[in-house]
Amino acid sequence: MIHKVFRIEHSMPNIIFYDNNCGLYRHLVAVGDDLYQTVGLPVDVFHWECKHAKSDIECSVHCNPFNFPDLVAADGKSWVFNSSIAEQTNVWFGGYHAMLREMGVVKFNFFLDEMIMRRNRVTVVKLEVDGMIPHYIHGLHL
């Protein structure tokens, strides 16, 4: 799937987060796909800390999020990308699976675009109520 999504030359990202990247890494090695040599495959920090024994080489060494300096903030203690919230968002998406699998592509795209925009508006309001200062990326509006 990754090769199909990023099939245009130079579109492959440097790092791909996936909850089970250690399993993906294991699979890539087994089938002789060298994607893992050019793309970082870290697991979520929670996954790394809780899901496997530190003796699990794929997870603790090859997919260890601490081995990817681009992901660690300048203070060396926090992360520049909140992979846990990405995982929670994937769970939220999963709640629509039963409806989405029956939709054609146009309705599917429209529905998800609309639901994401609505969820983002609710999230921004909640952050503001909690005293946070959410911001918009220039050119993107909710």
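The values are calculated or read from the model by the stated rules, or taken from the named source; none is laboratory data. Since this is a predicted model, take the numbers as computed values, not measurements. Note that we place each Cβ from the backbone using ideal geometry, even for glycine, and neighbour counts take in every protein chain shown.
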### Query
Considering the stretch 62-91 alone, what residues qualify as being in contact with a helix residue (DSSP H, G or I) (Cβ under 7 Å, 6 or more places away or on another chain) and among the aromatic types (Phe, Trp, Tyr)?
Trp79, Phe81
## Note on the structure
Of the residues in the stretch 1-32, those that are part of a helix (DSSP H, G or I) and charged (D, E, K, R) come to Lys4, Arg26
### Task
For the stretch 40-62, indicate whether the set of residues that are touching a strand residue (DSSP E or B) at 6+ places or on another chain (Cβ under 7 Å) and assigned to a loop (DSSP other than H, G, I, E, B) is non-empty.
yes
### Query
Which of the residues that make up the stretch 36-47 are crowded, with 16+ Cβ neighbours inside 10 Å and either over 16 Å from the mean Cα position of the chain (by Cα) or within 12 Å of Glu87 (Cβ to Cβ) (or both)?
Tyr36, Val43, Asp44, Val45, His47
### Message
Just to be sure before I move on: is Leu35 touching a residue at least 24 places away in the same chain (Cβ under 8 Å), part of a helix (DSSP H, G or I), in contact with a Leu (Cβ under 6 Å, 6 or more places away or on another chain) and not hydroxyl-bearing (Ser, Thr, Tyr) in the structure I sent?
### Response
yes
### Message
Going through Val124, Val91 one at a time, which residue ends up being part of a helix (DSSP H, G or I), within 21 Å of the chain's Cα centre (by Cα) and loosely packed, with under 11 Cβ neighbours inside 10 Å?
### Response
Val91
### Query
Does Ile116 satisfy the condition of being modelled with pLDDT of 90 or more and out of contact with any Ser or Thr (no Cβ under 7 Å at 6 or more places or on another chain)?
yes
### Task
Scan the stretch 96-107 for residues that are surrounded by 10 or more Cβ atoms within 10 Å (Cβ to Cβ) and within 30 Å of His47 (Cα to Cα) and report the count.
3
### Query
Say we look at the stretch 63-85 and pick out the residues that are part of a helix (DSSP H, G or I) and modelled with pLDDT of 85 or more; which of these is surrounded by the most Cβ atoms within 10 Å (Cβ to Cβ)?
Pro65
### Task
Please indicate, with yes or no, whether at least one residue in the stretch 50-63 is among the polar types (S, T, N, Q), in contact (Cβ under 8 Å) with a residue 24 or more places away in the chain and either within 22 Å of Tyr18 (Cα to Cα) or assigned by TED's automatic domain parsing to the domain that holds Arg26 (or both).
no
